[in-house]
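A.B. asks: This is the structure, below, for whatever I ask next.
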Amino acid sequence: MKFSELNINENIKKALQNKGFVKPSEVQEKVIPSALDGKDLVGKSKTGTGKTAAFAIPLIQKIIKGQSCSALIVVPTRELALQVKEEIASIAVGSSIKSMAVFGGQSINRQIELLRRRPEIIVGTPGRLLDLISRKILFFNKTKFLVLDEADKMFDMGFREDVSKIISFLPKERQSLVFSATMPEEILDLINRHLKHDRIVFDLSEDNAPVQQIKQFYLMVDNKKKFNALFDVLSNDDSKTLVFCRTKRTVDWIERQFLKRKIRVLAIHGDKKQNMRTRIIEEFKKSKDGILIATDVVARGIHVDDIGNVINFDFPQESETYLHRIGRTARQGRTGRAISFCSNLMEYDVLERIGTRNNTVIQQLQ
Ligand code: AMP
């Protein structure tokens, strides 16, 4: 299918062309026609599937210019807020639809000032949105479109009540779209309570293509030898690499170990200021062979297409986390490699089970 077969306007088509989007992704093929049709939607889909453009294109097309806060997109993290806003801005470039991201960690006064431009689309994290609502800066009583992106992550991060509260400020007559990689009971409950009965549910999780395009490996390595193992792996490969750690302390420690060897790596975690985090991600994006060391929460919103390696320095606690982490590589049809360090047999067992469940083989790294 081509974008021209979808009922989207010339301004948007031109913007997509400029972005280098040749044809719609599977999620876009499914979501765009129903969303343009005004249907409520639930998309069980992974990240890296083009879901941002899948909801952004219909919103931009349907929004009437000049009606501020026409659409609200709620996301779990600051990084994702910025990423989604950027994607929207690049698609809306010829449509004169304004968008803005609001999130904690950045001066609220600056955001309040920018909101005077009366953007039609607001992308925000729950806490900052509620703050701006309670200050009577943002009003969503005329909002026509609501998107909850990475809903499961928002709930995992404890935003369940905040999300319900935000929804209570919106009119009942609206179009709602919910995207979530998993559908636990509490998300289904939210969907039942807040979406229309004739909603369309897309289960795109059966499409395991992204995971299967990733060459997955494990390496049995003693805890104390993990840094040396990481160093060896990276010395033999010059792809862009994302390394996941469990704690902020480990992230800082690894950065110091590399520095001792006169190698500069990028490191990011929740204790770093927002401006710095944004700068680090930008640098990582632009680099050809950068190494970024990160914790899970912060890495969640990183959408960089050309990551060749994902390394689980610390073993992920759950299979969802594993899939999410490794999904950072092999994006948009590229190939990629995931290497998980297992420091005991229990971790290896978990990994083997994840492999079996996802129909993929996780090989020992030679
Ligand atoms: P997402 O799943 O929304 O995070 O998108 C993942 C990446 O794919 C982003 O960098 C998008 O800009 C890119 N992308 C989305 N749709 C397409 C498309 N149809 N063709 C090429 N790239 C796309």
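The values are calculated or read from the model by the stated rules, or taken from the named source; none is laboratory data. Note that the structure is predicted; figures quoted are calculated from it, not measured. Because the Cβ atoms are built from the backbone with ideal geometry, glycine has one as well, and the counts that use them run over all protein chains shown.
A.B. asks: Taking the range 4-28, which residues are out of contact with any Gly (no Cβ under 7 Å at 6 or more places or on another chain) and more than 14 Å from the ligand (Cβ to nearest atom)?
C.D. replies: Selection gives Asn7, Asn9, Glu10.
A.B. asks: Of all residues in the range 108-134 being free of Cβ contacts under 8 Å to residues at least 40 places away in the same chain and touching an Asp or Glu at 6+ places or on another chain (Cβ under 9 Å), which is farthest from Ala71 (Cα to Cα)?
C.D. replies: This residue is Ile108.
A.B. asks: For Lys153, only one of the following conditions fails: (1) crowded, with 20+ Cβ neighbours inside 10 Å; (2) modelled with pLDDT of 95 or more. What is its number?
C.D. replies: The one condition Lys153 does not meet is (2).
A.B. asks: Can you tell me which residue within the range 52-70, out of those that are touching a residue at least 60 places away in the same chain (Cβ under 8 Å) and assigned to a loop (DSSP other than H, G, I, E, B), is surrounded by the fewest Cβ atoms within 10 Å (Cβ to Cβ)?
C.D. replies: Gln67
A.B. asks: So for the range 12-22 (the condition being touching a residue at least 60 places away in the same chain (Cβ under 8 Å), crowded, with 18+ Cβ neighbours inside 10 Å, within 22 Å of the chain's Cα centre (by Cα) and closer than 22 Å to Thr329 by Cβ), does at least one residue qualify?
C.D. replies: no
A.B. asks: Taking only the range 284-308 into account, find how many residues are modelled with pLDDT of 80 or more, touching a helix residue (DSSP H, G or I) at 6+ places or on another chain (Cβ under 8 Å) and not hydroxyl-bearing (Ser, Thr, Tyr).
C.D. replies: Final tally of qualifying residues: 7.
A.B. asks: So, of the residues in the range 109-124 that are in a helix (DSSP H, G or I) and of a type in the set (A, V, I, L, M), which turns out to be surrounded by the most Cβ atoms within 10 Å (Cβ to Cβ)?
C.D. replies: Only one residue fits best here, namely Leu115.
A.B. asks: Would you say Val31 is within 14 Å of the ligand (Cβ to nearest atom) and either touching a Pro at 6+ places or on another chain (Cβ under 6 Å) or in a helix (DSSP H, G or I) (or both)?
C.D. replies: Yes.
Residues are listed down the side, and each one gets a yes or a no for (1) of a type outside the set (Ser, Thr, Tyr); (2) over 21 Å from Thr143 (Cα atoms); (3) touching a strand residue (DSSP E or B) at 6+ places or on another chain (Cβ under 9 Å):
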| residue | (1), (2), (3) |
| --- | --- |
| Val27 | yes, yes, yes |
| Leu36 | yes, no, no |
| Lys39 | yes, no, yes |
| Val42 | yes, no, yes |
| Gly50 | yes, yes, no |
| Ala56 | yes, no, yes |
| Gln61 | yes, no, no |
| Leu72 | yes, no, yes |
| Arg78 | yes, yes, yes |
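A.B. asks: Another question about this same structure. Would you call Ser68 away from the ligand (no atom under 12 Å from the Cβ) and closer than 25 Å to Ile137 by Cα?
C.D. replies: Criteria met by Ser68.
A.B. asks: Can you pull out every residue in the range 126-166 that is on the phi > 0 side of the Ramachandran plot and touching a strand residue (DSSP E or B) at 6+ places or on another chain (Cβ under 9 Å)?
C.D. replies: Correct list: Glu150 only.
A.B. asks: A further question on this structure: If you take the residues of the range 171-213 that are under 25 Å from Leu351 (Cα atoms) and assigned to a strand (DSSP E or B), which of them is modelled with the lowest pLDDT?
C.D. replies: Asp203
A.B. asks: Does Asp314 satisfy being assigned by TED's automatic domain parsing to the domain that holds Lys85 and either touching a Cys at 6+ places or on another chain (Cβ under 7 Å) or farther than 21 Å from Asp152 by Cβ (or both)?
C.D. replies: No; evaluated as a whole, the condition is false for this residue.
A.B. asks: Further question: Does Ala53 count as more than 28 Å from Tyr322 (Cβ to Cβ) and modelled with pLDDT of 95 or more?
C.D. replies: Here the answer is no, as Ala53 does not meet what is asked.
A.B. asks: Can you confirm whether the range 43-51 contains a residue that is touching a residue at least 24 places away in the same chain (Cβ under 8 Å), in the same structural domain as Asn192 (by TED's automatic domain parsing), within 14 Å of the ligand (Cβ to nearest atom) and under 22 Å from Val93 (Cβ atoms)?
C.D. replies: Yes, the range 43-51 contains a residue that is touching a residue at least 24 places away in the same chain (Cβ under 8 Å), in the same structural domain as Asn192 (by TED's automatic domain parsing), within 14 Å of the ligand (Cβ to nearest atom) and under 22 Å from Val93 (Cβ atoms).
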